[in-house]
Amino acid sequence: MRELLLPKFNNNDEGCVLVDWAVEDGDEVFADEVVAEVETAKALEELVADVDGVLHRLVEVGAQCEFGRPVGLLFDSHQERDDYLANLASADVSTAPEDEDHDGGPEPILSDAARTLAQDHGIRSEQLRSLGKRVVKASDVQRLIDQGVMDQGAESAAAGAAGAAADAAAVVSLSTRQRAVAAVVSEAHRTIPAAFAAIAVDLTAFRATRGGAPYGLVELLVKAMAARHADFPLFFATPGADHTLVLASDANVGVTVDVGTGLFIPVLRDAARRPIGDLADDLMDFRVSALRQNFRGDAFADEAITLSLHNDPDIVLAAPIVHPGRTCVVTLCAERSEVALAEDGTPFTRPVTTVAVTYDHRFLNGRDAVRFLTAVKQDLESADAIARLAG
């Protein structure tokens, strides 16, 4: 027997959601065959068997799974799996309390996941016995829940408290991708003491120098961030053990892409040295891949710093989370018009935006954040610097 382990698909997540099994429980699989599909906060990934065997699933579809933990077992034969299940059932029976003689039959044996699910939703013993199964899995309990089976006492209490309004209430389940995002967000808020700083950037020079150039503010900001890699290496680092940081050798910038199909953070590699036109082409390819949900497997690897785009109209400030595995995330907000005064006191309007950074205060301090933002601001506001970055 071999454990089907869940590999660590990227450094930013602690786990993922098992979206679908490609192989039925008890079926034969072959080495290098895709047996399941899982979803991290960034992408869908395929889980591949490393040896031939007979599959026994350990987790249900929709379960949160930890990297490095088994999600299934691969047996050498059907007989070996049958023997395993028989021994498992015998162990459950020997440790379970003595069955009581109910009208509906003996008490079924519940898996841990099934027991937790039944308790959370008020599923009664007689409802579990009505399934007619000796061993009840979480999927069996979920079927009862989907059919609207619930404890009558809880139903009466809910009806008395909520009245007719409860009948009209709608319940919406999160998508598997959003559940994966939720897991990352929860882990980030639990483990990362984040702080925030923002700076206004005058876009007059950018407007004047861009002309018909085939790039936009996003690409220019990526170049400006990457150009500061050597001066601010801790902003491009990965937290390690015992208060250490692993410095990135290249300025690989992850950029958020959300076109309505979920949040992705593909990576613009070696952004400091590559032409800005190439970065613009890559960003367009990323948007197409997000629409089609067909990113390459290496599109999310080796991220050193993140750029979160919040440039929808009228967005003036945004403070996203710092993903586990990063020390900061830079934010670009929408362009807007601002009234300013010339030296002689004459009012005029100018285009501005907000560039911000959310940072892990364990590794970066407020002074560092302000210095980094000021350096980026100077590059975005200088015609000479823009020409150098775009050249």
If you count only protein heavy atoms and use a 1.4 Å probe, how large is the accessible surface of ILE199, to the nearest 10 Å²? 40 Å²
How would you classify segment 250-391 from its alpha-carbon gyration tensor, with a ≥ b ≥ c the square roots of the eigenvalues: rounded for a/c under 1.5, else prolate if a/b is greater than b/c, otherwise oblate? prolate
When all protein chains stay in place, what accessible area (Å², nearest 10, 1.4 Å probe) is found for ASP314? 140 Å²
Which whole number of Å³ per residue matches the convex hull of the alpha-carbon atoms in segment 278-334? 112 Å³
Between the DSSP loop rule and a limit of at most 16 other Cβ atoms within 10 Å, which chymotrypsin sites (Phe, Trp or Tyr not before Pro) in segment 186-256 are left? none
Gain in span if fully extended, SER77 to THR204, counting 0.36 nm per residue against the direct Cα distance: 38.7 nm
Row for segment 231-274, column shape: gyration tensor on C-alpha, a ≥ b ≥ c, rounded if a/c < 1.5 i.e. under 1.5, prolate if a/b over b/c, else oblate; value oblate
Ranked order, ARG287, ARG388 - accessible area, probe 1.4 Å, largest first: ARG388, ARG287
Could you tell me the accessible area of HIS323 in Å² (1.4 Å probe, neighbours in place), rounded to the nearest ten? 30 Å²
In what sequence, largest accessible area first, do HIS229, HIS243 appear using a 1.4 Å probe? HIS243, HIS229
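The values are calculated or read from the model by the stated rules, or taken from the named source; none is laboratory data. Nothing here was measured: the structure is a model prediction, and the numbers come from that model. Here Cβ is always computed from backbone atoms with ideal geometry, including for glycine, and neighbour counts include all displayed protein chains. All accessible areas refer to the heavy atoms of the entire protein, side chains included, with ligands and DNA or RNA removed. Shrake-Rupley method; radii C 1.70, N 1.55, O 1.52, S 1.80 Å.
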